[in-house]
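The values are calculated or read from the model by the stated rules, or taken from the named source; none is laboratory data. Computed from a predicted model, the values in this text were never measured in an experiment. Every residue, glycine among them, receives a Cβ derived from its backbone with ideal geometry; neighbour counts consider all protein chains shown.
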Amino acid sequence: MSVTIKDVAQKAGVSFATVSRVLRGERYVSAETQQAVHRAVKELGYHPNSLARNFKTKRSNIIGFVMPDISNPFFATIARGIEERARRNGYDLIIYDTHSDPDRELKGLQMLAERRVDGVILSPISDQLLKLEIPDVRILPVVLVDNLVEGAEVDSVIIDNVQATRRLVEHLLSLGHRKIAMITGPLNQTTGKDRLAGYLSALHDHGIPEVKGWIREGDFLMQSGYELAGELLDKADKPTAILAANNFMALGAMRAIRERGLHIPRDMALVAFDDMSEFTTLLDPPLTAMVQPAGRLGDAACDLLLRRLHAKRSMKPRQVIMEAELLIRGSCGANAYHD
Ligand code: RIB
């Protein structure tokens, strides 16, 4: 059986992408790694498959977007941004919804790679990207948006989740709240981890002790917001404000607060990440939210991917960091607010 790039990568202890970069003589690979790859090629007697090599020159003019929840306006708006940008540049888009399942995330990436799309934009919920087996020799450019994957040397588009959450907490502090609870996102995702870090750093910098019982880890879905807010509300020592790390969990928290006959914001202030697009202002009271530029995140991710696809030489990974906007409405208790 002929030796493949997979054998070379395993023997050299590097990724497929690195082997291909070395074989194509690209820069940004250490001398040590180049030696390891060339040694493995020699020892295994590897000869790049010319048919496979041809693949990399064939363009499908299709890109993929792998994301965790198409029903969430945040991701749907990113997808719209990507699609419009791609279409204007002559590309079609395949969207793959992983339902926040890591196995589906890898399956979607594998399917797109095998369908020979030209590149993929990924909003990851795991590190499965690192296990992607790219067809022989081809390199599949990947751009991350929203969450990051530790160890992935790829382009990315994010917001500064730590600073954005600090601003949400400091807004509640400015309204006089000192007993602020947080329903976090999944802490194995960078958005979940960084938002919790922003919450804790804001409390610390304002001399407010962390109350373990007021921090609950959610999963970015409505039911977890509902259940966790219920736990917080049923505590003897209740907070006066809840920060939900995304829109869906905020809706669940609203339901839990209402079911207990409590008033938002008088009995419990509520703030969150993300809008529910136009619906947010229809909520009663309208939700105070740290709103991410989801459409522009999609635009920027697509621009980075197209830039890489049409680059004449290899480029170091690039990160774009965008600003979120604090829209103050009625759910936090501020008087003057955005309508
Ligand atoms: O609503 C989905 C959430 O998960 C958003 O806040 C987005 O940042 C992602 O992390």
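Overview of values
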read-out: Candidate set: region 266-276, residues that are over 20 Å from the mean Cα position of the chain (by Cα) and surrounded by 21 or more Cβ atoms within 10 Å (Cβ to Cβ); chosen: the one farthest from the ligand (Cβ to nearest atom); value: 268
read-out: Considering residues of region 277-299 that are among the hydroxyl-bearing types (Ser, Thr, Tyr) and touching a helix residue (DSSP H, G or I) at 6+ places or on another chain (Cβ under 6 Å) only, the residue farthest from the ligand (Cβ to nearest atom); value: 288
read-out: Subset tally (residues that are within 16 Å of the ligand (Cβ to nearest atom) and either in a helix (DSSP H, G or I) or buried (at least 16 other Cβ atoms within 10 Å of the Cβ) (or both)) for region 300-321; value: 3
read-out: When residues of region 48-75 are limited to those that are closer than 18 Å to residue 104 by Cα and small (Gly, Ala, Ser), the one modelled with the lowest pLDDT; value: 71
read-out: Residue that is farthest from the chain's Cα centre (by Cα) [pool: residues in region 161-190 that are of a type outside the set (S, T, N, Q), within 14 Å of the ligand (Cβ to nearest atom) and outside any helix (DSSP H, G or I)]; value: 182
read-out: Qualifying residue in region 117-140 (condition: closer than 30 Å to residue 61 by Cα, away from the ligand (no atom under 16 Å from the Cβ) and assigned to a strand (DSSP E or B)); value: yes
read-out: Residue match in region 279-289 (condition: closer than 30 Å to residue 89 by Cβ and assigned to a loop (DSSP other than H, G, I, E, B)); value: no
read-out: Odd one out for residue 150 among (1) farther than 25 Å from residue 59 by Cβ; (2) assigned to a helix (DSSP H, G or I); value: (2)
read-out: Residues within region 322-339 that are hydroxyl-bearing (Ser, Thr, Tyr) and surrounded by 16 or more Cβ atoms within 10 Å (Cβ to Cβ), tallied; value: 1
read-out: Whichever residue in region 131-174 is of a type in the set (Gly, Ala, Ser) and in contact with a strand residue (DSSP E or B) (Cβ under 6 Å, 6 or more places away or on another chain) and, among such residues, is farthest from residue 185 (Cα to Cα); value: 156
read-out: Among (1) touching a Leu at 6+ places or on another chain (Cβ under 8 Å); (2) small (Gly, Ala, Ser); (3) more than 18 Å from residue 174 (Cβ to Cβ) - the single one residue 229 does not satisfy; value: (1)
read-out: Subset of region 217-229 that is within 16 Å of the ligand (Cβ to nearest atom) and not small (Gly, Ala, Ser) - its residue that is farthest from residue 244 (Cα to Cα); value: 223
read-out: Total residues in region 167-183, condition without any contact (Cβ under 8 Å) to a residue 60 or more places away in the chain and surrounded by 21 or more Cβ atoms within 10 Å (Cβ to Cβ); value: 0
read-out: Condition met for residue 193 (within 12 Å of the ligand (Cβ to nearest atom) and surrounded by fewer than 20 Cβ atoms within 10 Å (Cβ to Cβ)); value: yes
read-out: Members of region 62-114 that are basic (Lys, Arg), under 25 Å from residue 246 (Cα atoms) and surrounded by 18 or more Cβ atoms within 10 Å (Cβ to Cβ); value: 104
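Condition check ((1) surrounded by fewer than 15 Cβ atoms within 10 Å (Cβ to Cβ); (2) under 9 Å from residue 183 (Cα atoms); (3) more than 24 Å from the chain's Cα centre (by Cα)) across all residues:
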residue	(1), (2), (3)
213	yes, no, yes
233	no, no, yes
237	yes, no, yes
249	no, yes, no
261	yes, no, yes
264	no, no, yes
